[in-house]
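Here the structure comes first, spelled out in structure tokens, and everything after it is commentary.
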Amino acid sequence: MTRLLDILEDYLMFRGYQYCRIDGNTGGDDRDASIEAFNKPGSEKFVFLLSTRAGGLGINLATADVVILYDSDWLVFLLIVSSLLTCSDAISS
């Protein structure tokens, strides 16, 4: 489920922005190199694209000004909505 990252990557390349990307297919050495390049003082990396499939172990983006999280797992959303609807039905009964 990294299609959204692919679209964002295409846009960044089109605009000429420098970026880093980690997803489930990124190897350990490339992963470490991307994190180090992003956090390096004076880095020109503008955006860090990160998939939840990359795993969370050791990802340090301390130099990021803004972090935007996008979760493609709609199950959580559906569970919340169904619980709200259940509560609503119980109240109206």
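Taking amide H as placed 1.01 Å from N in the peptide plane, the amide H of Leu49 sits under 5 Å from that of Cys20, Arg21, Ile22, each at least 5 places away or on another chain. A DSSP coil position with no more than 10 other Cβ atoms inside 10 Å describes the following GluC sites (Glu not before Pro) in segment 1-50: Glu44. Taking label points 7 Å from Cα along the Cα-to-Cβ direction, Thr63 and Arg3 give a separation of 3.4 nm.
None of the figures in this text is laboratory data; all of them are computed from the coordinates on show. The structure displayed is predicted, hence computed values, not measured ones. For neighbour counting, all protein chains shown are included, and Cβ atoms are generated from backbone atoms with ideal geometry for every residue, glycine included.
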